[in-house]
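Before any comments, here is the structure.
The values are calculated or read from the model by the stated rules, or taken from the named source; none is laboratory data. As the structure is a computational prediction, the values presented were derived from the model and not from experiment. Every residue, glycine as well, gets a Cβ built from its backbone with ideal geometry; the counts of neighbours run over all protein chains shown. These area figures cover heavy atoms from the full protein model, side chains too; ligands, DNA and RNA do not enter into them. Shrake-Rupley method; radii C 1.70, N 1.55, O 1.52, S 1.80 Å.
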Amino acid sequence: MVATSAALPLAQIRVLPGAAAITRADGLSSRLADGDWQRRSCGKGQRFCDWAFVRLGGNLHVSDERPADGFAHTVLLRRSITDPDDVTYFLAHAPDPGPAATPHPHRRGPVKDRGEQRARQRSHRHR
């Protein structure tokens, strides 16, 4: 995972009528609902930030490169809880788990879903 510029160029293939296309990484944060962010520790003491995860692909891509076969690009966003305009973007090239998810105001984010999936897997192992 690599910290990337807020100007990371993105290409959106289909855009809803009346909506603006997402063309840069910093366009993602305005499309995320409050429920898409999760407050987590930054790993050192009591320093907390809000985090959101967007897997690219399908309708939204990094415009200047494609992931390798079997991999997907993801953007992890870290937002300061004291200054919500202070957002850092991280680009990752990770194994592709399936169809791409895009930001949606009424959908729970993939970060929360992964935790629930791990809990279900653990419960199946202990049966």
### Message
Please go through the stretch 1-22 and give me each residue that is without any contact (Cβ under 8 Å) to a residue 40 or more places away in the chain and either under 22 Å from H93 (Cβ atoms) or of a type outside the set (A, V, I, L, M) (or both), ordered by number.
### Response
A7, P17, G18, I22
### Query
Of the conditions (1) among the β-branched types (V, I, T); (2) surrounded by fewer than 14 Cβ atoms within 10 Å (Cβ to Cβ); (3) farther than 18 Å from D96 by Cα, V2 fails just one. Which one is it?
(3)
### Message
Looking at the stretch 21-50 only, could you name the residues that are touching a strand residue (DSSP E or B) at 6+ places or on another chain (Cβ under 8 Å), open to solvent by 50 Å² or more (accessible area, probe 1.4 Å) and not basic (K, R)?
### Response
T23, D26, S41, F48
### Task
Would you mind stating whether A92 is hydrophobic (A, V, I, L, M, F, W, C), surrounded by fewer than 18 Cβ atoms within 10 Å (Cβ to Cβ) and not in a strand (DSSP E or B)?
no
### Query
How many of the residues making up the stretch 42-96 are closer than 19 Å to A7 by Cα and either in contact with a Cys (Cβ under 7 Å, 6 or more places away or on another chain) or without any contact (Cβ under 8 Å) to a residue 40 or more places away in the chain (or both)?
12
### Query
When you go through P95, P84 one by one, which is the residue that is more than 25 Å from D34 (Cα to Cα), at pLDDT 80 or above and not charged (D, E, K, R)?
P95
### Task
Determine whether the stretch 99-122 contains at least one residue that is at pLDDT 80 or above and either more than 14 Å from L10 (Cα to Cα) or surrounded by fewer than 17 Cβ atoms within 10 Å (Cβ to Cβ) (or both).
no
### Residue check, G58 among the small types (G, A, S), open to solvent by less than 70 Å² (accessible area, probe 1.4 Å), at pLDDT below 85 and in contact with a Ser or Thr (Cβ under 8 Å, 6 or more places away or on another chain)
yes
